[in-house]
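Engineer: Sending over a structure as structure tokens; questions will come in a sec.
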Amino acid sequence: MKTKGTAVITGAANGLGQAHAVRLAKDGFDIAVADIVEPNETRKLVEAEGKKFFSSIVDVTSEEATKDFAIQVKEEMGIVTALINNAGIYPHALFSELDFKLWKKILDINLDGTFLMSKAFVPQMIENNYGRIVNVASTTFFMNVTHGSAYLASKGGIIGLSRGLASEVGANGITVNVIAPGLTDTKMNRKLAGDEAFESFLQLQAIPKNLQPEDMSATVSFLVSEDSAMITGQTIIVDGGQIRI
Ligand SMILES: NC(=O)c1ccc[n+]([C@@H]2O[C@H](COP(=O)([O-])OP(=O)(O)OC[C@H]3O[C@@H](n4cnc5c(N)ncnc54)[C@H](O)[C@@H]3O)[C@@H](O)[C@H]2O)c1
């Protein structure tokens, strides 16, 4: 398949990001990954699809590292057509247990990371007069949940950032959208949320089937395609029909 340019994905060593990398490689994108751990498994999966793979150890909270990564990706991979800001953490903490350090860490990785990676790659997209940015929120932002003040603040911030940026880069052929996954069966979330949560969510969804990473990747695939050209500033919920906005 002809290349569609390079898709940059943060946090793609594991979970949803890895699934997005595989799906976008199948779609014809070369893949560049920024993660704090080596994405060896992701590399194998992407290369098995016959696509080029580049990665670097990048902490998305570092302005310097994200800027350097954008320069490296341009040199190694050419034109970046898509950016998926997926890296995120979701530690459970009641407000009474949440100290300022943990609050800042969650905001730093989830929200500042999305901002810094966008700052690093938007100039290249403007130069090319084309780009697709997909940021990652969560359905928990729309739900009645405890243990999540900082996480919800970060995800709400991501929705706000995406709306604002979408308004500024639309004339440059760049779209900015948000995917809000429901409870999805990644290794990390199975461990954190537990089997009971996955069982109980089946009762709440219109489609009683636990969400798989591939279900999220299918929506990401659409949002980075040319077919989504007139959709921007939106938040797309993928949760089997639990939340309605
Ligand atoms: N799994 C779910 O049910 C679910 C639901 C809603 C939203 N989300 C969101 O989807 C995204 C991915 O979740 P997941 O379940 O795949 O998590 P995960 O923990 O499996 O993967 C997250 C990845 O991000 C990387 N990462 C963490 N901190 C980083 C940093 N500072 N810089 C660069 N990379 C970093 C990790 O190394 C890891 O590879 C997150 O933004 C999360 O909030 C997940």
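The values are calculated or read from the model by the stated rules, or taken from the named source; none is laboratory data. If you're wondering where the values come from, they're calculated on a predicted model, not measured in any experiment. No Cβ is skipped: glycine too gets one built from the backbone with ideal geometry, and neighbour counts run over all protein chains shown. SASA here: full protein model, heavy atoms, side chains in, ligands and nucleic acids out. Shrake-Rupley method; radii C 1.70, N 1.55, O 1.52, S 1.80 Å.
Engineer: Just give me the residues in the stretch 186-213 being within 13 Å of the ligand (Cβ to nearest atom) and loosely packed, with under 15 Cβ neighbours inside 10 Å, in sequence order.
Structural biologist: Correct list: 187, 188, 191, 192, 194, 197, 212.
Engineer: So for the stretch 16-23 (the condition being more than 10 Å from the ligand (Cβ to nearest atom) and more than 22 Å from residue 211 (Cβ to Cβ)), does at least one residue qualify? First the steps, then the outcome.
Structural biologist: First pass over the stretch 16-23, keeping only residues more than 10 Å from the ligand (Cβ to nearest atom): 21-23.
Within this subset, residues satisfying the condition of being more than 22 Å from residue 211 (Cβ to Cβ) are none.
Taking every residue of the stretch 16-23 in turn, none turns out to be more than 10 Å from the ligand (Cβ to nearest atom) and more than 22 Å from residue 211 (Cβ to Cβ).
Engineer: Hey, can you tell me all the residues within the stretch 1-50 that are of a type in the set (A, V, I, L, M) and closer than 12 Å to residue 221 by Cα?
Structural biologist: Going through the stretch 1-50, the residues of a type in the set (A, V, I, L, M) turn out to be 1, 7-9, 12-13, 16, 19, 21-22, 24-25, 31-34, 36-37, 45-46, 48.
7, 19, 21, 22, 24, 25 - these are the residues of the stretch 1-50 that are of a type in the set (A, V, I, L, M) and closer than 12 Å to residue 221 by Cα.
Engineer: Continuing with the same structure: What single numbered condition from (1) closer than 27 Å to residue 53 by Cβ; (2) open to solvent by 60 Å² or more (accessible area, probe 1.4 Å) fails to hold for residue 84?
Structural biologist: Evaluating residue 84 over (1) closer than 27 Å to residue 53 by Cβ; (2) open to solvent by 60 Å² or more (accessible area, probe 1.4 Å) leaves (2) as the failure.
Engineer: Could you list, in sequence order, all residues of the stretch 214-228 that are of a type in the set (Gly, Ala, Ser) and either open to solvent by 50 Å² or more (accessible area, probe 1.4 Å) or within 14 Å of the ligand (Cβ to nearest atom) (or both)?
Structural biologist: Taking the stretch 214-228 as the starting set, the residues that turn out to be of a type in the set (Gly, Ala, Ser) are 217-218, 221, 225, 228.
Within the stretch 214-228, just 217 meets the criteria.
Engineer: Taking the stretch 103-141 as the region of interest, how many residues are in a helix (DSSP H, G or I) and within 11 Å of the ligand (Cβ to nearest atom)?
Structural biologist: Here the count works out to 14.
Engineer: Would you say residue 171 is under 20 Å from residue 134 (Cβ atoms), open to solvent by less than 10 Å² (accessible area, probe 1.4 Å), out of contact with any Gly (no Cβ under 6 Å at 6 or more places or on another chain) and of a type in the set (Gly, Ala, Ser)?
Structural biologist: Values: under 20 Å from residue 134 (Cβ atoms): yes; open to solvent by less than 10 Å² (accessible area, probe 1.4 Å): no; out of contact with any Gly (no Cβ under 6 Å at 6 or more places or on another chain): yes; of a type in the set (Gly, Ala, Ser): yes.
Considered against the rule, which asks whether it is under 20 Å from residue 134 (Cβ atoms), open to solvent by less than 10 Å² (accessible area, probe 1.4 Å), out of contact with any Gly (no Cβ under 6 Å at 6 or more places or on another chain) and of a type in the set (Gly, Ala, Ser), residue 171 comes out as no.
Engineer: Only one of 121, 141 is of a type in the set (Phe, Trp, Tyr), in contact with a helix residue (DSSP H, G or I) (Cβ under 8 Å, 6 or more places away or on another chain) and either open to solvent by less than 20 Å² (accessible area, probe 1.4 Å) or closer than 20 Å to residue 20 by Cα (or both). Can you tell me which? Write out each step before concluding.
Structural biologist: Working: 141 fails: either open to solvent by less than 20 Å² (accessible area, probe 1.4 Å) or closer than 20 Å to residue 20 by Cα (or both).
Of the residues listed, the single one that is of a type in the set (Phe, Trp, Tyr), in contact with a helix residue (DSSP H, G or I) (Cβ under 8 Å, 6 or more places away or on another chain) and either open to solvent by less than 20 Å² (accessible area, probe 1.4 Å) or closer than 20 Å to residue 20 by Cα (or both) is 121.
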